[in-house]
Amino acid sequence: MSEQPKPLPLVISPPRRREKPPRHLADLTLEERQERAAELGLPAFRAKQVSAHYFERLTDDAEQMTDLPAGQRVEIVQGFLPGLMTSLRTMQADRGTTVKTLWKLFDGALVESVLMRYTDRATICISSQAGCAMACPFCATGQGGLQRNMSTAEIVHQVVVGARAMARGEVAGGPGRLSNVVFMGMGEPLANYKAVIGAVRRLTDPAPHGLGLSARHVTVSTVGLVPRIKQLADEGIPVTLALSLHAPDDELRNELVPINTHFSVAETVDAAKEYFDKTGRRVSIEYAMMRDINDQAWRADLLADVLNERGRGWVHVNLIPLNPTPGSKWTASDPADEREFVRRLEAKGISTTVRDTRGDEIDAACGQLAATES
Ligand code: SAH
């Protein structure tokens, strides 16, 4: 008997490739932009001209680029500055000094950014992923899982739009300068490491290569991906590291920040200390105060001990009043408990602040607006 040929699969489909965000000038180093110019059939110096429009004049409007040949402007802008996202909605609070934007990315993914103007600075809180895989149970973004990583340009563009709004006097208080960036919107920045480092470089590179922000005014906030913290310390960009600790003991932190089952409190705090040792940048410890969960006086003492064991003066604790998410069983701490928590940390020599909360009424708690929308 002859051998039966194996039946062919009925449908031979190529592996599904997900579409990528458009490639944009902000994804590229200056050298890569010059290569891009060549691809577009343009002289290399056009890359620098368009970079100056985007990063210095904060414009992507072809009409305003009068140093480009009139007949080629639209084409050049399409080649270097393709549309990355559209603003679905902006919401204001705090008399117009807090502005939250809900963005729709090219594939329909939703992310948010929040601009907060203070008397002495203006800070934008940006997203680095659509969704998040870290599953912290008190965080709105954590509930929906990860949709995808954002590209470098998608991350940077949120900042450029914020800087433009400040420069043009569109934020209450008149024209000003965007000075600070915090990666505390949606996503875990160190889980999208390459794109985030690219974004940090674009934000801190001097104009016209980048936005020219001071690295110390850029804060990367993480749940504590230990190997990535070590890698970040070696990049030679002295950004501020914020570690979302939320509990000083493994038992509770395993629940509040599930990645803790992979990297213990001890390993995580060691990595943060190493970051300080290598960069000289004081680390910010984020601690969301949750009533009767992590706000006991004994936990304040334990937190101080865990930090002091590794040295003095290397951390600052930032207590964040919990912004309750819809359906969550947790609420913010009693003010008296919060005061006692601060007192105990300070008594043990830990510099501590309670974060000023902004935009409560516009769902500025991490991920809430996007969660309502989808
Ligand atoms: N994934 C990163 C950055 C995004 S969240 C990180 O976890 O650090 C930025 C900060 O907001 C983190 O400290 C996070 O724990 C905190 N956060 C999340 N949800 C919150 C809520 N409902 N109330 C207060 N802080 C919250």
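The values are calculated or read from the model by the stated rules, or taken from the named source; none is laboratory data. Everything numeric here is computed off the predicted structure, so don't read it as measured data. No Cβ is skipped: glycine too gets one built from the backbone with ideal geometry, and neighbour counts run over all protein chains shown. Accessible surface is based on the protein model in full, side chains and every heavy atom, while ligands, DNA and RNA are left aside. Shrake-Rupley method; radii C 1.70, N 1.55, O 1.52, S 1.80 Å.
Confirm whether S87 is touching a Lys or Arg at 6+ places or on another chain (Cβ under 9 Å), open to solvent by less than 20 Å² (accessible area, probe 1.4 Å) and closer than 18 Å to A163 by Cα.
On the way: touching a Lys or Arg at 6+ places or on another chain (Cβ under 9 Å): yes; open to solvent by less than 20 Å² (accessible area, probe 1.4 Å): no; closer than 18 Å to A163 by Cα: yes.
Against the criterion (touching a Lys or Arg at 6+ places or on another chain (Cβ under 9 Å), open to solvent by less than 20 Å² (accessible area, probe 1.4 Å) and closer than 18 Å to A163 by Cα), S87 does not qualify.
So, R177, is that one part of a loop (DSSP other than H, G, I, E, B), among the basic types (K, R) and either under 19 Å from S221 (Cα atoms) or away from the ligand (no atom under 13 Å from the Cβ) (or both) or not? So that I can check it myself, show each step before the final result.
Numbers: part of a loop (DSSP other than H, G, I, E, B): yes; among the basic types (K, R): yes; either under 19 Å from S221 (Cα atoms) or away from the ligand (no atom under 13 Å from the Cβ) (or both): yes.
So R177 passes the test.
Here are some residues: A153, A165. Which one is open to solvent by less than 10 Å² (accessible area, probe 1.4 Å), out of contact with any strand residue (DSSP E or B) (no Cβ under 6 Å at 6 or more places or on another chain) and touching a residue at least 40 places away in the same chain (Cβ under 8 Å)? Write out each step before concluding.
Numbers: A165 fails: open to solvent by less than 10 Å² (accessible area, probe 1.4 Å).
When all the criteria are applied, what remains is A153.
Kindly indicate the residue of the range 113-154 that is part of a helix (DSSP H, G or I) and closer than 23 Å to L81 by Cα and also farthest from the ligand (Cβ to nearest atom) among those meeting that condition. Before the answer, list the steps.
Start the filter on the range 113-154 by keeping residues that are part of a helix (DSSP H, G or I), which leaves 141-143, 152-154.
Checking the rest, the ones that are also closer than 23 Å to L81 by Cα come to 152-154.
Details: T152: 17, A153: 20, E154: 16 Å.
Among those residues, the one meeting the criterion is A153.
Open to solvent by less than 20 Å² (accessible area, probe 1.4 Å), modelled with pLDDT of 95 or more and over 24 Å from L146 (Cα atoms): does that describe G198? It would help to see each step written out before you state the result.
Working: open to solvent by less than 20 Å² (accessible area, probe 1.4 Å): yes; modelled with pLDDT of 95 or more: yes; over 24 Å from L146 (Cα atoms): no.
No: the conditions fail for G198.
Assuming D301 fulfils every condition listed in (1) more than 26 Å from L232 (Cβ to Cβ); (2) within 16 Å of the ligand (Cβ to nearest atom) apart from one, which condition is it?
Result: D301 fails condition (2) only.
Go through the range 224-272 and give me each residue that's within 15 Å of the ligand (Cβ to nearest atom), closer than 20 Å to I126 by Cα and open to solvent by 10 Å² or more (accessible area, probe 1.4 Å).
Scanning the range 224-272 gives L225, R228, T240, S244.
Hey, can you tell me all the residues within the range 115-134 that are of a type in the set (S, T, N, Q), touching a Ser or Thr at 6+ places or on another chain (Cβ under 9 Å) and surrounded by 23 or more Cβ atoms within 10 Å (Cβ to Cβ)? Lay out the reasoning, then the answer.
Taking the range 115-134 and keeping what is of a type in the set (S, T, N, Q), we get 119, 123, 127-129.
Remaining after also requiring touching a Ser or Thr at 6+ places or on another chain (Cβ under 9 Å): 123, 127, 129.
Selection gives S127, Q129.
Only one of these conditions is not met by I285: (1) within 21 Å of V220 (Cα to Cα); (2) open to solvent by less than 30 Å² (accessible area, probe 1.4 Å); (3) at pLDDT below 95; (4) not aromatic (F, W, Y). Which number is it?
With respect to (1) within 21 Å of V220 (Cα to Cα); (2) open to solvent by less than 30 Å² (accessible area, probe 1.4 Å); (3) at pLDDT below 95; (4) not aromatic (F, W, Y), I285 is out only on (3).
Give the residue that is most open to solvent (accessible area, probe 1.4 Å), with candidates limited to residues of the range 288-318 that are assigned to a loop (DSSP other than H, G, I, E, B) and among the charged types (D, E, K, R).
R312
Quickly run through the range 319-352 and pick out the residues that are at pLDDT 95 or above and either in a strand (DSSP E or B) or charged (D, E, K, R) (or both).
L319, D334, D337, E338, R339, E340, R343, R344, E346, K348, S351, T352
Conditions tested, residue by residue: (1) outside the structural domain of V196 (by TED's automatic domain parsing); (2) closer than 19 Å to A195 by Cβ; (3) free of Cβ contacts under 8 Å to residues at least 60 places away in the same chain; (4) open to solvent by 70 Å² or more (accessible area, probe 1.4 Å).
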site	(1), (2), (3), (4)
E31	yes, yes, yes, yes
E35	yes, no, yes, yes
E39	yes, no, yes, yes
R46	yes, no, yes, no
A52	yes, no, no, no
E63	yes, no, yes, yes
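Of all residues in the range 319-352 being among the β-branched types (V, I, T) and open to solvent by less than 60 Å² (accessible area, probe 1.4 Å), which is nearest to I124 (Cα to Cα)?
Quick first cut of the range 319-352, residues among the β-branched types (V, I, T) only: 320, 325, 331, 342, 350, 352.
Subset that is open to solvent by less than 60 Å² (accessible area, probe 1.4 Å): 320, 325, 342, 350, 352.
Working: I320: 17, T325: 21, V342: 26, I350: 27, T352: 22 Å.
Taking the candidates together, the pick is I320.
May I ask you to list the residues in the range 135-150 that are surrounded by fewer than 22 Cβ atoms within 10 Å (Cβ to Cβ) and of a type in the set (S, T, N, Q)?
Within the range 135-150, Q143, Q147, N149 meet the criteria.
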